[in-house]
Amino acid sequence: MDQIQELYQQLILDHNRNPKNFKKLESANRQCKGFNPLCGDQIVVYLNIENDRVQDISFEGSGCAISKASASIMTTILKDKSVKEAKSCFD
């Protein structure tokens, strides 16, 4: 169990220090802002959806390591998915 927890912590710290897709996506045709009033985290997710596919996705904002890492992992997973596949990730 300690190895899994250590791996989880390393994953979170790596994505926090080197987030994937951390930029404003100039070609975005969709965006969504999120704000957590309890801790002050703010994230904006940018999407470029064409032909019912997530052609590109990025995010920017500020927050704790977990929120930044979560956005980094989410954008990595959703890139190149169909809209239907992307929605099923949240179900």
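Results, tabulated for the structure shown:
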read-out	value
Unique match (being of a type outside the set (Lys, Arg), closer than 17 Å to Lys87 by Cα and open to solvent by less than 70 Å² (accessible area, probe 1.4 Å)) among Ser67, Ser58	Ser58
Checklist (1) closer than 15 Å to Ala28 by Cβ; (2) surrounded by fewer than 13 Cβ atoms within 10 Å (Cβ to Cβ); (3) in contact with a helix residue (DSSP H, G or I) (Cβ under 7 Å, 6 or more places away or on another chain) applied to Leu78, failing item	(2)
Pair list, Cβ under 9 Å, 6 or more apart: the range 71-84 residue within 20 Å of Lys33 (Cβ to Cβ) and among the acidic types (Asp, Glu), other residue in a helix (DSSP H, G or I) and open to solvent by less than 20 Å² (accessible area, probe 1.4 Å)	none
Criterion (closer than 23 Å to Gln10 by Cα and in contact with an Asp or Glu (Cβ under 8 Å, 6 or more places away or on another chain)) met by exactly one of Cys39, Cys64	Cys64
Residues being among the aliphatic types (A, V, I, L, M), under 29 Å from Val83 (Cβ atoms) and open to solvent by 40 Å² or more (accessible area, probe 1.4 Å) - total across the range 1-48	1
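The values are calculated or read from the model by the stated rules, or taken from the named source; none is laboratory data. What you see is a predicted model; the values in this text were computed from it and never measured. For neighbour counting, all protein chains shown are included, and Cβ atoms are generated from backbone atoms with ideal geometry for every residue, glycine included. When the accessible area is computed, the model is the full protein with side chains, heavy atoms only, and any ligands, DNA or RNA have been set aside. Shrake-Rupley method; radii C 1.70, N 1.55, O 1.52, S 1.80 Å.
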